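Asker: One structure, pasted below without further comment.
The values are calculated or read from the model by the stated rules, or taken from the named source; none is laboratory data. Being a predicted model, the structure only gives us computed values, none of them experimental. A quick note on method: Cβ atoms are made from the backbone with ideal geometry, for glycine too, and the neighbour counts reach across all protein chains shown. Ligands, DNA and RNA are stripped out before the accessible areas are found, and what is left, the full protein with its side chains, is counted by its heavy atoms. Shrake-Rupley method; radii C 1.70, N 1.55, O 1.52, S 1.80 Å.
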Amino acid sequence: MNYIESAQSFSCGDARLYGIVSTPQQPAARGVLIVVGGPQYRVGSHRQFTLLARSLAEQGIAAMRFDYRGMGDSEGAARTFEAVEEDLRAAVDHFLLAVPAIKEVVIWGLCDAAAAALFYAAHDTRVAGLVLLNPWARTSEGIAKTTLKHYYRGRLLDAGLWKKIATGRFDYAAACGSFLRLVGAAFGSGAPASAAAPTAPLPERMLAGLAGFKGKVLLIISPGDLTAQEFLDMAKGNPQWQRRLAEPRVQRQVLDGADHTFSRRVWRDQVSAWTAQWVQSW
């Protein structure tokens, strides 16, 4: 389907935010708001968000990608994924104005954008669904356990590692130090957590967001990615997460071999196809 792309400017508090809307000739009533993860802007790694938006528009689904305050072309002070609720609401407001045919929105988020989407979605009835890719559920203990379980196991099978050992180029002191620090973090022998921590751990807040949101969820996982594995290990060890992810409204797709950002064309195309099929499936 033919589509047009248009630059957009809209207000969020005292700042101007900027984005791009990809609008098909006959847009469906459900659009996709692509939320940026990490310190990057609306194009995304290897043009990921640009290509996703265009692919969705070709399939009749309007898509909008934009910059948070303090990122890309947008004004204001930079902020983390935990402080973008106002940005998301302003973007949803503008998306619905820019494409009047849209009646509800799906938020698409990779990594910490998935966490931001979970924080926000339950507070906006216009959000009908979430696409969560390799969600960021980082804790110091969680990443330590994940690295020990998945990274070091893989390293033992790495021919390059054994070649370094055989040729005397392996740094035993650095490797042992890194390993022992991970063991300490994984099993609680590191620095104690602050007693004055102002919020619950990130996975707990993400779970609360998922519990409060009543729409549909598509979870896309790269099983070889440490961020994804940390999320899966965390959820596997938490009965409440297990129950939520087992609900009929949650659909899961696993893309074997893919990296964190789905950087190869075949991976990117598969993610786009899964997203479009799911958005159009109800």
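Asker: Which condition from (1) free of Cβ contacts under 8 Å to residues at least 60 places away in the same chain; (2) in a strand (DSSP E or B) is the one that Asp256 breaks?
Answerer: (2)
Asker: I would also like to ask the following. Among residues belonging to region 58-68 that are of a type outside the set (Val, Ile, Thr) and crowded, with 22+ Cβ neighbours inside 10 Å, point out the one that is farthest from the chain's Cα centre (by Cα).
Answerer: Ala62
Asker: Name the residue that is farthest from Arg126 (Cα to Cα), counting only residues in region 1-47 that are open to solvent by 70 Å² or more (accessible area, probe 1.4 Å), touching a residue at least 40 places away in the same chain (Cβ under 8 Å) and in contact with an Asp or Glu (Cβ under 6 Å, 6 or more places away or on another chain).
Answerer: So, considering only residues that are open to solvent by 70 Å² or more (accessible area, probe 1.4 Å), touching a residue at least 40 places away in the same chain (Cβ under 8 Å) and in contact with an Asp or Glu (Cβ under 6 Å, 6 or more places away or on another chain), the one farthest from Arg126 (Cα to Cα) is Met1.
Asker: May I ask you to verify whether Ser55 is small (Gly, Ala, Ser) and either buried (at least 16 other Cβ atoms within 10 Å of the Cβ) or at pLDDT below 95 (or both)?
Answerer: Values: small (Gly, Ala, Ser): yes; either buried (at least 16 other Cβ atoms within 10 Å of the Cβ) or at pLDDT below 95 (or both): yes.
Spelling it out, Ser55 is indeed small (Gly, Ala, Ser) and either buried (at least 16 other Cβ atoms within 10 Å of the Cβ) or at pLDDT below 95 (or both).
Asker: Under 7 Å between Cβ atoms, which residue pairs at least 6 apart in sequence (or on different chains) link something in region 101-115 that is in contact (Cβ under 8 Å) with a residue 60 or more places away in the chain with a partner that is open to solvent by 10 Å² or more (accessible area, probe 1.4 Å) and assigned to a helix (DSSP H, G or I)?
Answerer: Once the first residue is in contact (Cβ under 8 Å) with a residue 60 or more places away in the chain and sits in region 101-115, its partners that are open to solvent by 10 Å² or more (accessible area, probe 1.4 Å) and assigned to a helix (DSSP H, G or I) give Ile102/Leu96; Cys111/Thr227; Asp112/Phe81; Ala113/Phe81; Ala115/Phe81; Ala115/Leu202.
Asker: Okay, next question. From the set of residues in region 70-129 that are aromatic (Phe, Trp, Tyr) and open to solvent by 10 Å² or more (accessible area, probe 1.4 Å), which is farthest from Arg30 (Cα to Cα)?
Answerer: That would be Phe81.
Asker: Restricting region 233-253 to residues that are in a helix (DSSP H, G or I) and out of contact with any helix residue (DSSP H, G or I) (no Cβ under 9 Å at 6 or more places or on another chain), which is most open to solvent (accessible area, probe 1.4 Å)?
Answerer: The selected residue is Arg243.
Asker: Small (Gly, Ala, Ser), under 18 Å from the mean Cα position of the chain (by Cα), outside any helix (DSSP H, G or I) and over 26 Å from Lys214 (Cβ atoms): is that true of Gly38 in this structure?
Answerer: Working: small (Gly, Ala, Ser): yes; under 18 Å from the mean Cα position of the chain (by Cα): yes; outside any helix (DSSP H, G or I): yes; over 26 Å from Lys214 (Cβ atoms): yes.
Yes: the conditions hold for Gly38.
Asker: How many residues are hydrophobic (A, V, I, L, M, F, W, C), outside any loop (DSSP other than H, G, I, E, B) and under 17 Å from Tyr120 (Cβ atoms) if we restrict to region 48-87? Walk me through how you get there before you give the answer.
Answerer: Kept after step one, since they are hydrophobic (A, V, I, L, M, F, W, C), are these residues of region 48-87: 49, 51-53, 56-57, 61-64, 66, 71, 77-78, 81, 83-84.
With the extra rule that they be outside any loop (DSSP other than H, G, I, E, B), the set shrinks to 49, 51-53, 56-57, 63-64, 66, 81, 83.
Subset that is under 17 Å from Tyr120 (Cβ atoms): 64, 66, 81, 83.
Count: 4.
Asker: Next question, about the same structure. Tell me which residues, restricted to region 209-224, are touching a His at 6+ places or on another chain (Cβ under 9 Å) and either assigned to a strand (DSSP E or B) or farther than 22 Å from Glu85 by Cβ (or both).
Answerer: Scanning region 209-224 gives Ser222, Gly224.
Asker: Hey, Ile143 hits all of (1) in contact with a Ser or Thr (Cβ under 6 Å, 6 or more places away or on another chain); (2) modelled with pLDDT under 95; (3) of a type in the set (A, V, I, L, M, F, W, C) but one; which does it fall short on?
Answerer: All conditions pass for Ile143, except number (1).
Asker: I would also like to ask the following. Can you pull out every residue in region 11-42 that is at pLDDT below 95 and aliphatic (A, V, I, L, M)?
Answerer: Of everything in region 11-42, just one residue is at pLDDT below 95 and aliphatic (A, V, I, L, M), namely Val36.
Asker: Name every residue in region 91-141 that is over 17 Å from Ser45 (Cβ atoms) and of a type in the set (S, T, N, Q), in order of residue number.
Answerer: Residues satisfying the conditions are Thr125, Thr139, Ser140.
Asker: Right, next: For region 67-109, how many residues are at pLDDT below 95 and within 19 Å of Thr23 (Cβ to Cβ)?
Answerer: Of the residues in region 67-109, 0 are at pLDDT below 95 and within 19 Å of Thr23 (Cβ to Cβ).
Asker: Can you confirm whether region 271-282 contains a residue that is open to solvent by 20 Å² or more (accessible area, probe 1.4 Å), under 24 Å from Gly31 (Cα atoms) and modelled with pLDDT under 95?
Answerer: Yes - at least one qualifying residue is present in region 271-282.
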